[in-house]
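The values are calculated or read from the model by the stated rules, or taken from the named source; none is laboratory data. Fair warning: this is a prediction, and the values are worked out from it, not measured in the lab. Cβ atoms come from the backbone with ideal geometry, glycine included; neighbour counts cover every protein chain shown. Accessible surface is based on the protein model in full, side chains and every heavy atom, while ligands, DNA and RNA are left aside. Shrake-Rupley method; radii C 1.70, N 1.55, O 1.52, S 1.80 Å.
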Amino acid sequence: AITSAKVEVNGVHLHYQQTGEGNHVILLLPGMLGSGETDFGPQLKSLNKQLFTLVAWDPRGYGKSIPPARDFPLDFFERDAKDAIDLMQTLKFKKFSLLGWSDGGITALIAAAKYPDLIHKMVVWGANANVTEEDVKLYNGIRDISKWSEKTRKPMEAMYGLEYLSKTCSAWVDGISQFIHRPDGSICQSSLPHIKCPTLIIHGAKDPLVPRFHPEYIHKHIANSRLLFFPEGKHNLHLRFAEEFNELVENFLL
Ligand code: TYC
């Protein structure tokens, strides 16, 4: 069974899903506009429940962690990282692993760098540590949600309704594009050398949204990291190739 609950963290009622009774606790961090429900169905369903306890959180302003409405100040990833860690502290999980997709991967990188003693192992995929001109073009390409594929848009539209979804997507594009004004367009580049936990970086070789220099950069700057490609994978490889993904992650975490 998957339970659904809310708990107050940093003045916000954060929603999360939880399942499994294993000693190894995993926090799953969704991507842009994501939530446990929209982003991690196959993981909540099929990762080993005897070995793992899974917590999938909805960052503030996403999923069922509304209100508040989502906003994107320059420190939004740091704010998510603190919320995520404080949520796990509130739930009394002392040490845990992180599974972060895309924006959730960025949040995981920042959290692992800032709280090394709390994190056992980490898997990130579809993440980037900085923003280039090429990325800003790609971001603007997804601003108009009517151009999204049906498969991507439908669960999001069901979660948020059309108005909140289109407004928040556009705000996200503006929010993440802000980083271009920083030196090297850095989001979290200086965090990477502080990451101590074993880290698996996965990337879809056919990801149209995140160019492969991003995972290569992340790999280069995290000492204890491995980089692995899904040759046929695009951005949502944990959904499209759920079985292979789950098996790979279980083997890495054990
Ligand atoms: N980072 C987004 C996410 O969290 C995905 C994304 C990446 C969107 C690059 C657009 O150009 C883009 N799912």
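Quick look at the numbers
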{"quantity": "Above-threshold pairs, the threshold being 19 Å between Cα atoms, out of 45/121; 94/121; 64/154; 6/82; 121/220", "calculated": "45/121"}
{"quantity": "5 angstrom amide H check on residue 9, placed H, neighbours 5+ away", "calculated": "14"}
{"quantity": "Descending principal axes extents, the stretch 91-180, alpha-carbon based, whole Å", "calculated": "43, 32, 18"}
{"quantity": "Karplus 3J(HN,Hα) series, Hz, for the stretch 80-96 with 6.51 cos²θ - 1.76 cosθ + 1.60 (x for Gly, Pro)", "calculated": "4, 4, 5, 4, 5, 5, 5, 4, 5, 5, 4, 7, 6, 8, 6, 9, 7"}
{"quantity": "³J(HN,Hα) computed for each position of the stretch 140-145 - Karplus, 6.51 cos²θ - 1.76 cosθ + 1.60, integer Hz, glycine/proline x", "calculated": "5, x, 10, 4, 8, 5"}
{"quantity": "In nm, spacing of pseudo-spin labels at residue 213 and residue 89 (7 Å Cα→C-beta vector)", "calculated": "3.8 nm"}
{"quantity": "Phi-based couplings in Hz for the stretch 6-18 (Karplus 6.51, -1.76, 1.60; Gly and Pro marked x)", "calculated": "10, 9, 7, 9, 6, x, 10, 8, 8, 9, 8, 10, 9"}
{"quantity": "Fraction of accessible area attributable to carbon and sulfur, the chain (%, probe 1.4 Å)", "calculated": "53 percent"}
{"quantity": "Long-range HN-HN contacts of residue 182 with modeled amide H, under 5 Å", "calculated": "none"}
{"quantity": "Within the chain, helix-based [θ] at 222 nm, where runs of 4 or more DSSP H residues each add -39,500 (n - 2.57), nearest 500", "calculated": "-11000 deg cm²/dmol"}
{"quantity": "Three-way shape call for the chain based on the alpha-carbon gyration tensor, with the a/c threshold at 1.5", "calculated": "rounded"}
{"quantity": "Cross-link reach list, lysines versus residue 137, counting only Cα pairs under 20 Å and skipping chain neighbours closer than eight places", "calculated": "147, 167, 206, 234"}
{"quantity": "10 Å Cβ shell holding at most 10 others, DSSP loop, trypsin sites (Lys or Arg not before Pro): longest site-free stretch of the chain", "calculated": "95-254"}
{"quantity": "Where the stretch 74-212 is the region considered: accessible area per residue in Å², 1.4 Å probe", "calculated": "43 Å²"}
{"quantity": "10 Å Cβ shell holding at most 12 others, DSSP loop, GluC sites (Glu not before Pro): longest site-free stretch of the chain", "calculated": "22-231"}
{"quantity": "For residue 121, residues with placed amide H under 5 Å, excluding near neighbours", "calculated": "97, 98"}
{"quantity": "Point-charge dipole on Cβ atoms (K/R +1, D/E -1) for the chain, about Cα centre, debye to 20", "calculated": "280 debye"}
